[in-house]
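A quick write-up on the structure given underneath.
The values are calculated or read from the model by the stated rules, or taken from the named source; none is laboratory data. Please read these numbers as outputs of a predicted model, since none were measured by experiment. With ideal geometry, Cβ positions are generated from the backbone for all residues, glycine too; neighbour counts draw on all protein chains shown.
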Amino acid sequence: MRILSGIQPSGKLHLGNYFGMMRPILDLQKEGQVFLFIADYHALTSVTDAAALRQGSLDVALDFLAFGLDTERTIFYRQSDIHEVTELTWLLSVVTPMGLLERCHSYKDKVAKGLPATHGLFSYPVLMAADILIMHSNVVPVGRDQKQHVEVTRDIAIKFNNLYGEVFTLPEPSIREEVAVVPGVDGQKMSKSYNNTVEIFGDLKEARQRIMRIVTDSKTVEDSKDPAACNVYSLYRLFATPEERAEMEARYRNGGLGYGEVKKALYEKFAAHFEPYRQRRAELQRDMGYVESVLKRGADRAREEASRTLKNARRAVGLE
Ligand code: ADP
Ligand code: TRP
């Protein structure tokens with residue numbers, strides 16, 4: 001099994017990223033060959049400050065290494081170190097129907113949120129298809145918001161293979177239903193662009209304040225409450241054991257439990273869960289040479305696979 005995923009270095013990573021994409025990919029390392037990359041070409045569609053992009057990429061690298069990414073097994077690289085990806089994007093662009101991209105929700109959502117409607121933002125899914133297809137990935141772990149992009153990748157691969165022969169492997173999105181959409185502190189999907197995140201490695205005081213501000217309904221302490229409808233519980237359950245979940249759910253239903261108490265319990269869980277990783281990250285930060293060397297080695301390994309696939313694609317279309 002070939003597993004691949006990428007994440008944009010466009011802001012500090014948060015609980016939605018952690019449960020929706022990072023944890024799944026860290027767990028999948030035991031089950032197959034994982035390719036994981038920092039999607040810096042993609043981030044250019046929203047980040048226009050060069051220093052912020054550079055720093056953002058190193059931050060993502062530190063985050064994953066702090067979680068104990070296995071850099072022997074997993075191929076971890078910066079997307080822009082693999083120039084082959086951009087060449088393949090062109091070969092895919094010429095077979096991608098406009099209508100396929102016009103249907104993408106993500107483009108429309110981003111433009112509605114104020115991102116400039118550039119050609120790069122519009123053709124974002126084609127670059128993503130190149131990322132996936134160049135490594136012959138069959139499993140792509142992502143949150144639900146990225147499902148459509150993986151489906152577009154499949155459609156592009158089918159189109160290309162029909163025209164030119166079987167060059168590409170068809171990928172499948174892999175979505176963990178229980179964390180498909182992690183809510184933010186305002187109850188919408190947690191996202192860097194909604195200012196509703198709890199950062200994984202941010203300031204603890206700030207995280208506590210954000211957790212204490214999570215939006216709830218106005219039931220009183222005595223009222224019986226529905227855990228499934230509560231944003232605080234939706235986050236709490238991600239950190240809790242099955243026994244702790246059952247106990248907390250019963251307390252919601254029985255009444256006598258205030259949201260403030262659950263928020264405190266959530267904060268305690270959050271802080272304790274990430275504490276060892278926080279320490280590891282601080283240690284790694286003192287050795288950025290090591291971080292750079294991991295990315296360089298990853299790029300060398302990724303390029304081998306990418307250049308093989310690109311060569312096949314170039315041959316298939318008649319460039320060689
Ligand atoms: P953001 O919305 O904060 O910009 P990205 O689009 O960079 O996040 O997402 C990076 C990865 O994290 C993707 O695989 C995405 O599906 C996943 N992800 C982001 N937010 C959430 C969320 N709230 N719930 C589940 N997964 C998420
Ligand atoms: N578009 C993804 C996101 O915003 C990041 C990404 C780029 C990606 N290329 C990918 C994810 C390839 C999976 C596979 O989260």
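The number of residues in region 214-245 being free of Cβ contacts under 8 Å to residues at least 24 places away in the same chain, more than 26 Å from the chain's Cα centre (by Cα) and part of a helix (DSSP H, G or I) comes to 2.
Test V152 against the stated conditions and say whether it is surrounded by 15 or more Cβ atoms within 10 Å (Cβ to Cβ), touching a Cys at 6+ places or on another chain (Cβ under 7 Å) and touching a residue at least 12 places away in the same chain (Cβ under 8 Å).
Against the criterion (surrounded by 15 or more Cβ atoms within 10 Å (Cβ to Cβ), touching a Cys at 6+ places or on another chain (Cβ under 7 Å) and touching a residue at least 12 places away in the same chain (Cβ under 8 Å)), V152 qualifies.
Within region 254-273, residues that are at negative phi sit with their Cβ atoms under 8 Å from residues that are exposed (fewer than 14 other Cβ atoms within 10 Å of the Cβ), at 6+ positions apart or across chains, in these pairs: N254/S224; L257/V221; G258/V221.
In summary, helices (runs of 4 or more DSSP H) completely within region 59-149 and bearing 3 or more residues that are hydrophobic (A, V, I, L, M, F, W, C), at pLDDT 95 or above and within 19 Å of the chain's Cα centre (by Cα) occur at 124-134. Within region 271-291, the presence of a residue that is touching a helix residue (DSSP H, G or I) at 6+ places or on another chain (Cβ under 9 Å), closer than 30 Å to T169 by Cβ and of a type in the set (A, V, I, L, M) is excluded. Considered as a group, the residues in region 175-196 that are out of contact with any helix residue (DSSP H, G or I) (no Cβ under 7 Å at 6 or more places or on another chain) and of a type in the set (S, T, Y) include one that is nearest to ligand 2 (Cβ to nearest atom), and that residue is S193.
Applying the condition of being in contact with a Lys or Arg (Cβ under 8 Å, 6 or more places away or on another chain) and among the aliphatic types (A, V, I, L, M) to region 27-48 and asking which residue is surrounded by the most Cβ atoms within 10 Å (Cβ to Cβ) yields I38.
For region 1-39, residues that are away from ligand 1 (no atom under 12 Å from the Cβ), more than 14 Å from D63 (Cβ to Cβ), touching a residue at least 12 places away in the same chain (Cβ under 8 Å) and not polar (S, T, N, Q) total 8. Of everything in region 87-146 that is of a type in the set (D, E) and within 18 Å of R303 (Cα to Cα), the residue that is nearest to ligand 2 (Cβ to nearest atom) is D131. Quick one: count up the residues across region 182-195 that are within 13 Å of the chain's Cα centre (by Cα) and surrounded by fewer than 16 Cβ atoms within 10 Å (Cβ to Cβ). Looking only at that region, the number is 0. Just one of the listed residues (F168, F122) is of a type outside the set (G, A, S), touching a Phe, Trp or Tyr at 6+ places or on another chain (Cβ under 7 Å) and buried (at least 19 other Cβ atoms within 10 Å of the Cβ), and it is F168.
Considering (1) in a loop (DSSP other than H, G, I, E, B); (2) under 30 Å from E275 (Cβ atoms), the lone condition that S46 does not fulfil carries the number (2).
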